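A.B. asks: Below are the structure tokens for one structure; questions will follow.
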Amino acid sequence: MLYKTRGIVLKHIKYSETSIIVTIYTERFGRQAYIINGVRSKKAKIKANTFQALFLLDMEVYHKPKNDLQRAKEIQNAYVFSSLPYDIKKSTLAIFIAEILHKTIQEQEPNPDLFEFLYNTIQLLDLKENGMSNFHIYFLIRFTKYLGFYPHNNYSETNCYFDLKAGSFKQIKPMHMSFMDQGQSLIFSQMLQFSEDQHENLKFDYKHRIQILEKILEYYALHNEGVSKIRSLDVLKEVFH
């Protein structure tokens, strides 16, 4: 049977001379892998640039439960980006976020709330004119709500060490090394309570931003087995330096 669904591109790899296998987070079926034949040929009906990181798609697909590879009849862009593919900072963020999603989302079943959150976040990234420096950090924090390990914001003058293993702030510096120091914990607690617009106004330098980012990625790795080395992190650091 044919089904219509929206999708978000996570990753693609080459397959044979002219085809690709693309991993897409779909609204109807969760994470799925599709083989797209002939997409890299000159006469391709569906162009390869349709499958860039975080591109939003309208799809008409065949679906067989438990199949490792699915097939699509029609795929087209669902949203025309105004800046994301052309702005180096935004495209770098897209690659980074897509890698995070590829490593964390494994479920082959629908999750309407998560899909809508991601779809809207990607559109927001495209439309934003400023405030990009903290966007990925704020995204990572919000995304933990859907992954099941959102931090407990019990920060205070006494609870001033964020324990990455416990997911909450502690009075005493943990005996292990997976924690944020007092300065990092203060910034992190502020990001937890700030709204989508407020986080843009949180000013801290590149060094502290990278430290916070690396600690959040460590937090992800402790609570999600799929998150190990993030390949796009080095590029992100360079672009935002």
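The values are calculated or read from the model by the stated rules, or taken from the named source; none is laboratory data. As the structure is a computational prediction, the values presented were derived from the model and not from experiment. So basically every Cβ, Gly included, is an ideal-geometry build from the backbone, and we count neighbours across all protein chains shown.
A.B. asks: Hey, can you tell me all the residues within the stretch 64-79 that are over 18 Å from L118 (Cβ atoms) and assigned to a loop (DSSP other than H, G, I, E, B)?
C.D. replies: Within the stretch 64-79, K64, P65, K66, N67, D68, L69 qualify.
A.B. asks: Since K73 meets every condition but one in (1) surrounded by fewer than 19 Cβ atoms within 10 Å (Cβ to Cβ); (2) out of contact with any strand residue (DSSP E or B) (no Cβ under 8 Å at 6 or more places or on another chain), which condition does it not meet?
C.D. replies: (2)
A.B. asks: Here is a list: Q190, Q171. Which entry is at pLDDT below 95, over 30 Å from P65 (Cβ atoms) and either surrounded by fewer than 19 Cβ atoms within 10 Å (Cβ to Cβ) or not polar (S, T, N, Q) (or both)?
C.D. replies: Q190
A.B. asks: If K145 passes every condition in (1) part of a loop (DSSP other than H, G, I, E, B); (2) modelled with pLDDT of 95 or more; (3) out of contact with any Ser or Thr (no Cβ under 8 Å at 6 or more places or on another chain); (4) not aromatic (F, W, Y) but one, which one does it miss?
C.D. replies: (1)
A.B. asks: While we're on this one: Quick check on Q198: is it buried (at least 16 other Cβ atoms within 10 Å of the Cβ), closer than 27 Å to L118 by Cβ and out of contact with any Cys (no Cβ under 8 Å at 6 or more places or on another chain)?
C.D. replies: Criteria not met by Q198.
A.B. asks: Kindly indicate whether any position in the stretch 209-227 is under 16 Å from the mean Cα position of the chain (by Cα) and of a type in the set (S, T, Y).
C.D. replies: Among the residues of the stretch 209-227, at least one is under 16 Å from the mean Cα position of the chain (by Cα) and of a type in the set (S, T, Y), which makes the answer yes.
A.B. asks: In the stretch 92-114, which residues are out of contact with any strand residue (DSSP E or B) (no Cβ under 7 Å at 6 or more places or on another chain) and closer than 23 Å to N49 by Cβ?
C.D. replies: If the condition is that a residue be out of contact with any strand residue (DSSP E or B) (no Cβ under 7 Å at 6 or more places or on another chain) and closer than 23 Å to N49 by Cβ, then T92, L93, A94, I95, F96, I97, E99, I100 are the ones that fit.
A.B. asks: OK, next. Does the stretch 24-53 hold any residues that are surrounded by fewer than 16 Cβ atoms within 10 Å (Cβ to Cβ) and either touching a Phe, Trp or Tyr at 6+ places or on another chain (Cβ under 7 Å) or under 23 Å from I97 (Cβ atoms) (or both), and which are they?
C.D. replies: Listed by number, the residues that qualify are K47, N49.
A.B. asks: Being of a type in the set (F, W, Y), under 12 Å from the mean Cα position of the chain (by Cα) and buried (at least 19 other Cβ atoms within 10 Å of the Cβ) is the requirement here; does Y119 meet it?
C.D. replies: yes
A.B. asks: Run down L140, L118, L93 and say which single residue is in contact (Cβ under 8 Å) with a residue 60 or more places away in the chain, hydrophobic (A, V, I, L, M, F, W, C) and assigned by TED's automatic domain parsing to the domain that holds A221.
C.D. replies: Answer to the selection: L140.
A.B. asks: So K170 clears everything in (1) under 30 Å from H63 (Cβ atoms); (2) touching a strand residue (DSSP E or B) at 6+ places or on another chain (Cβ under 8 Å); (3) basic (K, R) except one condition, right? Which one?
C.D. replies: (1)
A.B. asks: If K215 passes every condition in (1) assigned to a helix (DSSP H, G or I); (2) without any contact (Cβ under 8 Å) to a residue 40 or more places away in the chain; (3) touching a strand residue (DSSP E or B) at 6+ places or on another chain (Cβ under 6 Å) but one, which one does it miss?
C.D. replies: The one condition K215 does not meet is (2).
A.B. asks: Exactly one condition in (1) among the hydrophobic types (A, V, I, L, M, F, W, C); (2) over 18 Å from I46 (Cα atoms); (3) more than 18 Å from the chain's Cα centre (by Cα) is not met by V80; state its number.
C.D. replies: For V80, the exception is condition (2).
A.B. asks: Could you tell me whether I187 is part of a loop (DSSP other than H, G, I, E, B) and within 14 Å of N154 (Cα to Cα)?
C.D. replies: no
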